[in-house]
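Comments concern the structure below.
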Amino acid sequence: MSSIFGLSHNVTLIIWALVSIAFLVTLIAKFKWNPFVTLLISALLLGFLAGMKPADNIKAVTGGLGGTLGTIAIVIGLGTMLGKMMAESGGAERIANTMIRLFGERRVHWAMLIVGFIVGIPVFFEVGVILLIPIVFIVAKKTKMPLLQIGIPVLAGLSTVHGLVPPHPAPMIAIGAYGADIGKTILYSLIVGIPTAILAGPLFGKLIGSKIEVEPKAELVEQFATSDERVLPGFGITLFTILLPVILMLIGSVANIIDPLATSSWTVFCEFIGNEVIALLIAVVFSFYSLGFARGFTKEEVSRFASDCLAPTATIILIIGAGGAFKQVLITSGVGDAIAAIATSAHVNIIFFAWFIAALIRVATGSATIAMTTAAGIIAPILGQTPDANVELVVLATGAGSLILSHVNDAGFWMVKEFFNMSVPQTLKSWTVMETILSVVGLIFILLLSVVV
């Protein structure tokens, strides 16, 4: 079945890939099938359509799943533990309160962007929203600002980190697939992400907040208002704990730049602690003390926090793994090489192409994670034939594309709608537009940065 209607082999493979992706999108978007099951079925379907032997097809699926989760599963688990410690200790609330005091009530929406950016580093978007929504309500009530003027900057900070900034698991998927340098990616992500988040967050938030007036549900406000009082951890130790993995990764990258051949034991040590797994492990263990034992929690409580937070990540991990299986079939079947050959001959800008592919999959499936994983499988072979490409910027372009146009097929859309008590049209005008600004403006900054790096 590898050739149809006398078309060239490359074109035929691409057609089968499109059929498989259409099948994937239809089952997820229209029939609401479980994404994990759908991705596995779509991967197997593509392998058979492309003419792979059954044994090779199964090997690609299992190998892709296992290979993808080798690092990402650890990153997700450790990052979730770090976020849990921040939540239980009140570290997120401490960061918010300090930022409000530093910026003042008139500029509090700028502080909320920074809060979302910082808190989003170790946790998934959905977890970040749950952590910070009580603070959004409290700040809006204290300052009497429109709810969306406070909320949109927080969402922009969380989304920017989710799509662009390592060690968040989403960009880590593309870093692993493309073989990018994590330190450079962090640096470029900050250069691109900060101005992008400013435009989509405080600036757009102030505009849309004046046009859409919403009030949170009374039961939510009451629930957060009656939460237990607690002594919050210090701002400095909380911030250091959350940023510790990023600091260690940057140290590893700087050591590699200074001594690329790792001729000294000091360089070897720095590269070891700068590995994303080791950096996160160190940060989590440190958080057990700084946000756990030092806050008066017992060892049993800290252990329970670390265990309880892992269950909700199971679905995310499985979906990422299944996306890796689909990616591997794309590569093993030759589809990736076929797309690479056509894209190379057509002289398509690899940065724009990565953004475009991720954006298409995001709009179709509603999942930034699926968009990142699937696009990485399509783009990786093209990078192999594009030696002059800046791999780190391609990572960012893939992440930016995965953020675009969140709508009714995205769980995040409904979460934002319900928490902010908005109608569907109001959510489209606020949240969806914000996500699209992040994606498009992010692409523009990435293209501009590609001119100078």
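Among the residues of the range 388-416, those identified as of a type outside the set (A, V, I, L, M, F, W, C) and surrounded by fewer than 19 Cβ atoms within 10 Å (Cβ to Cβ) are Asp388, His407, Asn409. The lone criterion from (1) within 30 Å of Leu46 (Cα to Cα); (2) in contact with a Pro (Cβ under 6 Å, 6 or more places away or on another chain) left unmet by Thr313 is number (2). Residue pairs, Cβ under 7 Å, 6 or more apart or interchain, first in the range 290-312 and surrounded by 12 or more Cβ atoms within 10 Å (Cβ to Cβ), second not in a helix (DSSP H, G or I). List them. Short answer, once both residue conditions are applied: Leu291/Pro233; Arg295/Pro233; Val302/Gly292. None of Arg106, Arg94 is closer than 21 Å to Leu291 by Cα and either under 19 Å from the mean Cα position of the chain (by Cα) or assigned to a helix (DSSP H, G or I) (or both) except Arg94.
All told, Gly51 falls short of being at pLDDT 80 or above and in contact with a Lys or Arg (Cβ under 8 Å, 6 or more places away or on another chain). When the range 173-206 is filtered for residues that are closer than 26 Å to Ala325 by Cβ, open to solvent by 10 Å² or more (accessible area, probe 1.4 Å) and aliphatic (A, V, I, L, M), the ones remaining, listed by number, are Ile173, Ile175, Ala177, Ala180, Ile182.
Going through (1) buried (at least 22 other Cβ atoms within 10 Å of the Cβ); (2) in contact with an Asp or Glu (Cβ under 6 Å, 6 or more places away or on another chain) one by one, Thr267 falls short only on (1). When the range 233-258 is filtered for residues that are open to solvent by 20 Å² or more (accessible area, probe 1.4 Å), under 21 Å from Thr98 (Cα atoms) and touching a helix residue (DSSP H, G or I) at 6+ places or on another chain (Cβ under 6 Å), the ones remaining, listed by number, are Phe235, Ile237. For the residues Ile28, Ile58, Ile72, Ile76, the requirement of being open to solvent by less than 60 Å² (accessible area, probe 1.4 Å) and outside the structural domain of Val115 (by the TED database) singles out Ile28.
Restricted to helices (runs of 4 or more DSSP H) entirely inside the range 387-453, those with at least 2 residues that are more than 20 Å from Ala375 (Cβ to Cβ) and among the β-branched types (Val, Ile, Thr) are 424-427, 433-452. In the range 194-201, is there at least one residue being of a type in the set (A, V, I, L, M, F, W, C), closer than 20 Å to Thr436 by Cα and under 12 Å from the mean Cα position of the chain (by Cα)? No, the conditions are met nowhere in the range 194-201.
Considering each of Gly83, Gly104, Gly64, Gly47 in turn, give the residue that is open to solvent by less than 30 Å² (accessible area, probe 1.4 Å) and touching a Gly at 6+ places or on another chain (Cβ under 6 Å). Spell out how you get there, then give the answer.
On the way: Gly83 fails: touching a Gly at 6+ places or on another chain (Cβ under 6 Å); Gly104 fails: touching a Gly at 6+ places or on another chain (Cβ under 6 Å); Gly47 fails: touching a Gly at 6+ places or on another chain (Cβ under 6 Å).
Just a single option satisfies the conditions, and that option is Gly64.
The values are calculated or read from the model by the stated rules, or taken from the named source; none is laboratory data. As the structure is a computational prediction, the values presented were derived from the model and not from experiment. Using ideal geometry, Cβ is built from the backbone for each residue, glycine included, and neighbour counts are taken over all protein chains shown. When the accessible area is computed, the model is the full protein with side chains, heavy atoms only, and any ligands, DNA or RNA have been set aside. Shrake-Rupley method; radii C 1.70, N 1.55, O 1.52, S 1.80 Å.
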